[in-house]
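Chemist: Okay, here's the structure, questions in a sec.
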Amino acid sequence: MASDSRVKAVGEIRTAHLFDMIVDLNPRLSMGSGPFGQRILFGAAGGSFEGPRLRGEVLPGGGDWALFRPDGAMALDVRLTLRTHDAALVHMTYGGRWITPPDLRSDMADPVKRYQIDPARYYFRTTPLFETGAEQYAWLNDIVCVGSGYLVEGGIAYKVSRVV
């Protein structure tokens, strides 16, 4: 490939820990197989989050309108409401991908084994964005984040980092 003079050297992408989050889930609701795969709602029943600059609870009522694609991958479409320890409300959205290698799929379907699998063996990444009117958390409106997810009993956990 020929070098393009418009390409500039920029700093490497770095991240800083924002918070860890546990989302407790309601029983899943299958919407059946559609033209793009099988759509399932994993409704949020609650949860918590905690990090250096904010902490609080995940409110019930949000969820992941996940799409299980024909190739076995899962596409995430999540909307959650967070309430901070000082009562501010934050709207959190994220997409992402959960790619489970074929040799792990039977263990992931097992209700006991799924929690024993090392999350490094599958790819579960998200791209959180936030929206709030709370002045003390207005900085959340202007950041982009990345997250790594993994299974926990009763739900899903994430380590969320902001891109600096």
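The values are calculated or read from the model by the stated rules, or taken from the named source; none is laboratory data. These numbers come from a predicted model, not from an experiment. Backbone-built Cβ (ideal geometry, glycine too); neighbour counts: all protein chains shown.
Chemist: Would a scan of the range 149-158 turn up a residue that is closer than 21 Å to L29 by Cβ and part of a helix (DSSP H, G or I)?
Modeler: No, the range 149-158 has no match at all.
Chemist: With the requirement that a residue be part of a strand (DSSP E or B), in contact (Cβ under 8 Å) with a residue 24 or more places away in the chain and surrounded by fewer than 17 Cβ atoms within 10 Å (Cβ to Cβ), what does the range 78-94 give you?
Modeler: Correct list: R83, L89, H91, T93.
Chemist: Test R79 against the stated conditions and say whether it is of a type in the set (D, E, K, R), in contact with a Leu (Cβ under 9 Å, 6 or more places away or on another chain) and more than 16 Å from A157 (Cβ to Cβ).
Modeler: no
Chemist: Next question, about the same structure. On the given criteria, is R97 of a type in the set (D, E, K, R), in contact with an Asp or Glu (Cβ under 8 Å, 6 or more places away or on another chain) and in a strand (DSSP E or B)?
Modeler: No: the conditions fail for R97.
Chemist: State all residues of the range 109-124 that are over 20 Å from G51 (Cβ atoms), in contact (Cβ under 8 Å) with a residue 24 or more places away in the chain and not in a strand (DSSP E or B); if no residue qualifies, say none.
Modeler: Result: R114, Y115, I117, Y122.
Chemist: Can you tell me which of D103, D71 is within 21 Å of S30 (Cα to Cα), modelled with pLDDT under 95 and more than 13 Å from the chain's Cα centre (by Cα)?
Modeler: D71
Chemist: Which members of the range 128-153 meet the condition of being farther than 21 Å from A44 by Cα and among the hydrophobic types (A, V, I, L, M, F, W, C)?
Modeler: Answer for the range 128-153, where residues must be farther than 21 Å from A44 by Cα and among the hydrophobic types (A, V, I, L, M, F, W, C): A134, A138, W139, L140, I143, V144.
Chemist: Can you find a residue in the range 35-47 that is closer than 20 Å to R162 by Cβ and out of contact with any Cys (no Cβ under 9 Å at 6 or more places or on another chain)?
Modeler: Yes: one or more hits.
Chemist: Modelled with pLDDT of 95 or more, among the small types (G, A, S) and touching a His at 6+ places or on another chain (Cβ under 8 Å): which single residue out of G96, G63, G56 fits that description? Give the steps one after another, and end with the answer.
Modeler: Numbers: G96 fails: touching a His at 6+ places or on another chain (Cβ under 8 Å); G63 fails: touching a His at 6+ places or on another chain (Cβ under 8 Å).
Exactly one residue qualifies, and that residue is G56.
Chemist: If I ask for residues that are hydrophobic (A, V, I, L, M, F, W, C), within 23 Å of W65 (Cβ to Cβ) and either touching a Leu at 6+ places or on another chain (Cβ under 7 Å) or surrounded by fewer than 16 Cβ atoms within 10 Å (Cβ to Cβ) (or both), which ones from the range 130-151 would you list?
Modeler: Answer for the range 130-151, where residues must be hydrophobic (A, V, I, L, M, F, W, C), within 23 Å of W65 (Cβ to Cβ) and either touching a Leu at 6+ places or on another chain (Cβ under 7 Å) or surrounded by fewer than 16 Cβ atoms within 10 Å (Cβ to Cβ) (or both): F130, V144, C145.
Chemist: Considering only the range 34-77, give the strands (runs of 3 or more DSSP E) lying wholly within it that have at least 3 residues that are in contact (Cβ under 8 Å) with a residue 40 or more places away in the chain.
Modeler: Strands (runs of 3 or more DSSP E) meeting the threshold: 37-50.
Chemist: Go through K8, K113 for me and flag whichever is exposed (fewer than 13 other Cβ atoms within 10 Å of the Cβ), more than 22 Å from Q136 (Cα to Cα) and in contact with a helix residue (DSSP H, G or I) (Cβ under 8 Å, 6 or more places away or on another chain).
Modeler: Going through K8, K113 in turn, the sole match is K113.
Chemist: Tell me, please, whether a residue that is more than 20 Å from M92 (Cα to Cα) and either touching a residue at least 24 places away in the same chain (Cβ under 8 Å) or in contact with a strand residue (DSSP E or B) (Cβ under 7 Å, 6 or more places away or on another chain) (or both) can be found in the range 125-142.
Modeler: no
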